[in-house]
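Colleague: Below you will find the structure I want to go over with you.
The values are calculated or read from the model by the stated rules, or taken from the named source; none is laboratory data. As the structure is a computational prediction, the values presented were derived from the model and not from experiment. Neighbour counts run over all protein chains shown; Cβ positions are idealised from the backbone, glycine included. We work out accessible area using only protein heavy atoms, side chains counted, and drop any ligands, DNA or RNA first. Shrake-Rupley method; radii C 1.70, N 1.55, O 1.52, S 1.80 Å.
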Amino acid sequence: MLLDKLIDGCNILSIDGDAKIDVKKIKINSAEIEEGDCFIALVGKKSDGHKFADEAIARGAKAVVCCNDYSNSLATVVKVDDTRKAYSIMASNYYNNPSEKLKLITVVGTNGKSTTSYLIKELLQRGGVNCGLIGTMYYEYGDVRLTANLTTPDPLELQGLFAKMLDAGMQYVVMELSAHAIYLNKLYGATAEMSVFTNLSQDHLDFFGNMTDYGDCKKGYFQKANTKLAIVNVDDALGLKIIKENKLPIITYGLENPSDAFAINVTTRDYGESFVANVLDEILDVDCKFFGQFNVYNMLGALVVAKKVGLPNSVIMKNLPQIDPPDGRFNVLRKDGVTYVVDFAHTPDGIFNLLKEGRHLTDKKVITIFGCGGDRDVTKRPIMGKIVSEMSDVIIVTSDNPRTESREGIASDILQGVNPKGHLYVELDRAKAIRLGVELADKGDCVFIAGKGCENYIDENNVKTPYSDMQELLSATAEGGV
């Protein structure tokens, strides 16, 4: 592609050299540069791509896109105001702007993004609307399912996915949009048809530093340049700020405050929740396989999207009861009178909501098996320990994804907040921890296995070892525990 076509739409400050040259590929890693490529010098919190521009040219880069002062007579140098924004625009141009031909639905929030996105995709697809999905669990369109490396892929991979989805006949794409992706402008230049805000709670403070900056990042996405319509949880404090501060068309949903979509008569049954939903003044009697009040919120957000896309109530109500919960999101196994729940909850708010539902599932013991991920927000570890100790009868602290930290060090951080009212165990081998939980459970008890959900690996010392909570649970219950 000609360089001038590739940078079309970028905020260009200067061009030193020939903009009509033909470049082969876009690269952000100088070590991957091949002859004829274009190197984009991204500036991050820990590294600066400008330091590697000379190396990129030595490897054969014909062009360099930068945002700091840089010159090299061996390549065309394009200076822009922001290389991350330029990267997103160039990636879109490279694939002939597929996001402009698709209708995007983004889901923003700390918890509930995966389930809400999944529900939207299932409702639309079952309702006859071809819809792709991009998120934490996987990337999916038609019969294709790909492993998700990031919740929101980097711009070049993201636009490549959009192009494949467009070629496969997708009309809509629903995608989780992480706070990191917003901060890094991964979707810059694309305007969504509608965007759902689920909630804000503590997470990712290792990156954002404090809750104010974390919340402002999410709130800042809700602008006319990014989305045409906001669908906002009115019961969330940041949701109220989005409603008050952003000049967008907004539809609200909630259970406590007056809203455009709400639920009454919420009842937990053996198979899931049932409730009466008023969605934009239309009444739907909902029976679903999803447990928990937090899933009622997720369902309301998804129902608003389905109605705005144009699905009739009859189609929604026919398909909704058939949708199974996504893998790793409040997956229930009942064996020998014990209820086991595998869930992705890995934040203070997430684990609070998870255990809150536990009291609806049992009037006997709640046993909680959990850990915290390494190289992530350290401050949430004792908070989660405190929450679990206050809401559980038996606590089993175990390992999650230690990454480059020690299992023992992470567990020590968790234990600083633990003041158990019941029994406390520390078993840092996660598979053994699950077997211990099975062994300790009596008939009528509920065992929660939190933190990993559908993840199929344990990440430790830069090695991902195959592992599954559900498979370990199935094995443990078949064997009878320890």
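Colleague: Within the range 242-255, can one find any residue that is modelled with pLDDT of 95 or more and under 28 Å from LYS45 (Cα atoms)?
Modeller: yes
Colleague: Quickly run through the range 279-305 and pick out the residues that are open to solvent by 50 Å² or more (accessible area, probe 1.4 Å) and on the phi > 0 side of the Ramachandran plot.
Modeller: LEU280, ASP281
Colleague: Can you name the number of the only condition in (1) open to solvent by less than 60 Å² (accessible area, probe 1.4 Å); (2) closer than 26 Å to PRO153 by Cβ; (3) in a loop (DSSP other than H, G, I, E, B); (4) touching a strand residue (DSSP E or B) at 6+ places or on another chain (Cβ under 9 Å) that GLY60 fails?
Modeller: Result: GLY60 passes all but (4).
Colleague: List pairs: first in the range 369-383 and at pLDDT 95 or above and basic (Lys, Arg), second surrounded by fewer than 20 Cβ atoms within 10 Å (Cβ to Cβ) and assigned to a helix (DSSP H, G or I), Cβ under 6 Å, 6+ apart or cross-chain?
Modeller: From the range 369-383, the pairs are ARG381/ASP413.
Colleague: From the set of residues in the range 430-482 that are closer than 18 Å to PHE344 by Cβ, free of Cβ contacts under 8 Å to residues at least 24 places away in the same chain and not in a strand (DSSP E or B), which is least open to solvent (accessible area, probe 1.4 Å)?
Modeller: Here the residue is SER468.
Colleague: Hey, among the residues in the range 390-414 that are touching a Leu at 6+ places or on another chain (Cβ under 8 Å) and in a helix (DSSP H, G or I), which one's nearest to GLY371 (Cα to Cα)?
Modeller: Top of the filtered list is ALA411.
Here is a yes/no grid of residues against (1) under 25 Å from CYS372 (Cα atoms); (2) in contact with a Gly (Cβ under 8 Å, 6 or more places away or on another chain):
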| residue | (1), (2) |
| --- | --- |
| TYR172 | no, yes |
| SER178 | yes, no |
| LYS218 | yes, yes |
| ALA225 | no, no |
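Colleague: Could you check ASP324 against (1) open to solvent by less than 40 Å² (accessible area, probe 1.4 Å); (2) within 18 Å of THR268 (Cα to Cα) and say which number it fails?
Modeller: Looking at each condition in turn, ASP324 falls short on (1).
Colleague: Same structure, new question: I need the full set of residues from the range 269-278 which are surrounded by 15 or more Cβ atoms within 10 Å (Cβ to Cβ) and either closer than 21 Å to GLU256 by Cβ or polar (S, T, N, Q) (or both), in order please. First the steps, then the outcome.
Modeller: The initial filter retains those residues of the range 269-278 that are surrounded by 15 or more Cβ atoms within 10 Å (Cβ to Cβ), namely 272-275, 277-278.
Residues satisfying the conditions are GLU273, SER274, PHE275, ALA277, ASN278.
Colleague: Just wondering, is there one or more residues in the range 360-372 that are touching a Leu at 6+ places or on another chain (Cβ under 6 Å), open to solvent by 30 Å² or more (accessible area, probe 1.4 Å) and in a loop (DSSP other than H, G, I, E, B)?
Modeller: No, the range 360-372 contains no residue that is touching a Leu at 6+ places or on another chain (Cβ under 6 Å), open to solvent by 30 Å² or more (accessible area, probe 1.4 Å) and in a loop (DSSP other than H, G, I, E, B).
Colleague: Could you please let me know if ARG334 is of a type in the set (D, E, K, R), more than 19 Å from HIS423 (Cα to Cα) and without any contact (Cβ under 8 Å) to a residue 12 or more places away in the chain?
Modeller: yes
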